[in-house]
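Undergrad: Structure in C-alpha cells, see below.
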Amino acid sequence: MRPRLRTHKLKGTSLIEVLVVTVLLTLVTGLMVSVYLLGNRYLNRTQLLSRLQQQASQAIYKIAFELSATTDSNFSLNSVTGPNPHVWFLSSQTNDGKFHYSQTNGAQLWQRWVCFYLDTASSDLYRVSVPLTSSNNSPPFTAIAPPASLAMFQSPSVTQRTLAGQSVSDFRVTPVGASLYEVTVSCKMTDRENKEWIHTLATQVYLQQTD
C-alpha cells in the first residue's frame, strides 16, 4: 500500500490583520519619533542654558576679580548704565598679572585704566586696558594721564582689548553701600523654536582698598 501524504492548507493573511499590524507599527513608530524629538528638544535646551550660565559666570568673575582691587574714589571708578553700560577704574595690575603697591605707605601704584563695556549691537562684553603715561598713588587723581573716557576705550587704536563675555543683554555695576558694589550680568540666547532664554547672575563686591 502506498503511504498517504498528509497535506496542510496554509492560511493566508486577511486584510484586517494587515491593517491592524500596519496601524500598530505606525503608532509605535510615531511614539518613537515623538520621544526622540522631545528628548532632542530638552537636550538642546539644556545645552543652551549651560552656555548661558557659563557666559554669565565667566563675565561676572572677571569683573568682580579686578573690581575688588581698586578704590571707590570718584576719580578712580566710574560706572554707567543705560544705552552704553560700562565701568572703568584704575588698576595697579601690570602685564605680568601682579598688583603693585608702595613700599613706604602701602598705597596702590596705579598702572592702567581698565574698562568693561557692553557693545549692545553685538551683545559682546569687552575688557579694555589702557596703560597710564603717568602715575599717582595718592589723591588727588587729577594728575593721572590719560584721563578716562568711554571713547578712549572704544577707540580702534586700542590694542589691549579682549572678549569678556558673549550673548550679554544687560550689564551693570551699581553702588549698594559704602565701598560696596553689585555686579549684574544677563545673557540671552534664542533656541531653535525662536524662544528667548535669559540667565542673570549678580554678585556684590567690596572694595577693600580705600584712599
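Where a number appears in this text, it was derived from the coordinates with a stated rule and is not lab data. If you're wondering where the values come from, they're calculated on a predicted model, not measured in any experiment. Heads up, the Cβs are rebuilt from the backbone with ideal geometry, glycines too, and the neighbour counts pull from every protein chain shown.
Undergrad: In whole Hz, what ³J(HN,Hα) sequence does the stretch 44-57 give by Karplus (6.51, -1.76, 1.60; θ = phi - 60°), x for Gly and Pro?
TA: 5, 5, 5, 5, 5, 5, 5, 5, 4, 5, 5, 5, 5, 5
Undergrad: Another question, then. Work out from phi, with θ = phi - 60° and the Karplus expression 6.51 cos²θ - 1.76 cosθ + 1.60, the ³J(HN,Hα) of each residue of the stretch 150-163, listed in order in whole Hz, and give x for Gly and Pro.
TA: 4, 4, 5, 6, 8, 5, x, 6, 6, 9, 8, 10, 10, 8
Undergrad: First select every other residue whose beta carbon is under 10 angstrom from the beta carbon of T184; then total the charges, Lys and Arg +1, Asp and Glu -1.
TA: Summing Lys/Arg as +1 and Asp/Glu as -1 gives -1.
Undergrad: Straight-line reach from K62: which aspartates and glutamates fall under 12 Å, measuring Cα to Cα and dropping same-chain residues less than 8 apart?
TA: Here the aspartates and glutamates satisfying the reach criterion relative to K62 do not exist.
Undergrad: Per-residue HN-Hα couplings for the stretch 173-181, Karplus 6.51 cos²θ - 1.76 cosθ + 1.60 at θ = phi - 60°, whole Hz, x for Gly and Pro?
TA: Along the stretch 173-181, the couplings run 10, 10, x, 10, x, 5, 6, 10, 10 Hz.
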